[in-house]
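Notes follow once the structure below has been shown.
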Amino acid sequence: MSTRTDAPTRREQILKEAARLFAERGFHGVGVDEIGAAVGISGPGLYRHFAGKDAMLAELLVGISERLLDGGMLRVDGADGSPREVLSSLIDGHIDFALDDRPLITLHDRELDRLRDEDRKRVRQLQRRYVELWVAVVRELYPVAGEAEVRAAVHAVFGLLNSTPHLGALGRNAMEELLRRLANGAFDALATE
């Protein structure tokens with residue numbers, strides 16, 4: 001069984017470097033030779049792992065959407081606590097993503113339209129399911145809030161948390177605490193409806 005402390009596979013190394021390079025210079029600004037060089041193999045050697053850059057981009061963006069949804073479902077399904085505790089767990093999970101995977105946020109913002117229609121639809125489907133997880137928890141926590149307000153709050157919090165690539169150089173602990181307070185404050189505003 002693999003754990004987070006295991007060394008990344010070559011495929012994972014390639015994806016990490018591709019995400020970083022694509023986020024820094026754009027999808028079309030990076031060649032396979034550069035990605036290969038970043039992981040110590042020739043550009044053509046990448047084709048043993050991926051059909052091309054398009055396949056890397058699809059795996060990155062579909063993969064992160066799957067990971068967020070799966071993680072969110074685990075947090076919701078495995079929760080024995082109150083809706084507040086479940087929401088806190090969802091917020092913590094998304095903060096971890098936002099701080100650990102900043103290049104993927106940038107990549108999603110800039111390059112989602114470069115995906116094939118099938119892959120882009122898959123990403124959007126996964127994202128909608130992820131949003132629905134949050135909406136259900138927030139509605140349970142704030143039953144007097146209207147559907148539109150709950151959805152607006154969920155999307156506002158995603159926007160806030162996904163802004164991490166643009167934030168300054170606060171330390172990780174300070175950033176986590178600030179994001180947690182801001183996200184909870186956005187949801188707590190629903191209590192005044």
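Could you run through region 164-175 and say how many residues are open to solvent by 20 Å² or more (accessible area, probe 1.4 Å) and touching a residue at least 40 places away in the same chain (Cβ under 8 Å)?
From region 164-175, those open to solvent by 20 Å² or more (accessible area, probe 1.4 Å) are 165-174; that's our starting set.
Restricting the remaining residues to those that are touching a residue at least 40 places away in the same chain (Cβ under 8 Å) gives 165, 172.
Here the count works out to 2.
Taking helices (runs of 4 or more DSSP H) that fall entirely within region 20-118, which contain at least 1 residues that are open to solvent by less than 30 Å² (accessible area, probe 1.4 Å), over 30 Å from W134 (Cβ atoms) and touching a Pro at 6+ places or on another chain (Cβ under 9 Å)? Spell out how you get there, then give the answer.
On the way: elements: 32-39, 53-77, 83-100, 102-111.
Answer list for region 20-118: 32-39.
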*Matching entry among V123, V157 (being open to solvent by less than 60 Å² (accessible area, probe 1.4 Å), more than 18 Å from A23 (Cβ to Cβ) and assigned to a helix (DSSP H, G or I))*: V157
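Output the residues belonging to region 32-54 that are closer than 16 Å to T9 by Cβ and of a type outside the set (K, R).
Start the filter on region 32-54 by keeping residues that are closer than 16 Å to T9 by Cβ, which leaves 35-36, 38-41, 45-46, 48-50.
If the condition is that a residue be closer than 16 Å to T9 by Cβ and of a type outside the set (K, R), then I35, G36, A38, V39, G40, I41, G45, L46, H49, F50 are the ones that fit.
Among the residues of region 137-151, which ones are in contact (Cβ under 8 Å) with a residue 24 or more places away in the chain and open to solvent by 30 Å² or more (accessible area, probe 1.4 Å)? Steps first, answer last, please.
Quick first cut of region 137-151, residues in contact (Cβ under 8 Å) with a residue 24 or more places away in the chain only: 137-138, 140-142, 144-146, 149-150.
Within region 137-151, E140, L141, V144, E149 meet the criteria.
The values are calculated or read from the model by the stated rules, or taken from the named source; none is laboratory data. It should be emphasised that the depicted structure is a prediction, and the values quoted were computed from it without experimental measurement. For neighbour counting, all protein chains shown are included, and Cβ atoms are generated from backbone atoms with ideal geometry for every residue, glycine included. Accessible surface areas use protein heavy atoms only, side chains included; no ligands, DNA or RNA. Shrake-Rupley method; radii C 1.70, N 1.55, O 1.52, S 1.80 Å.
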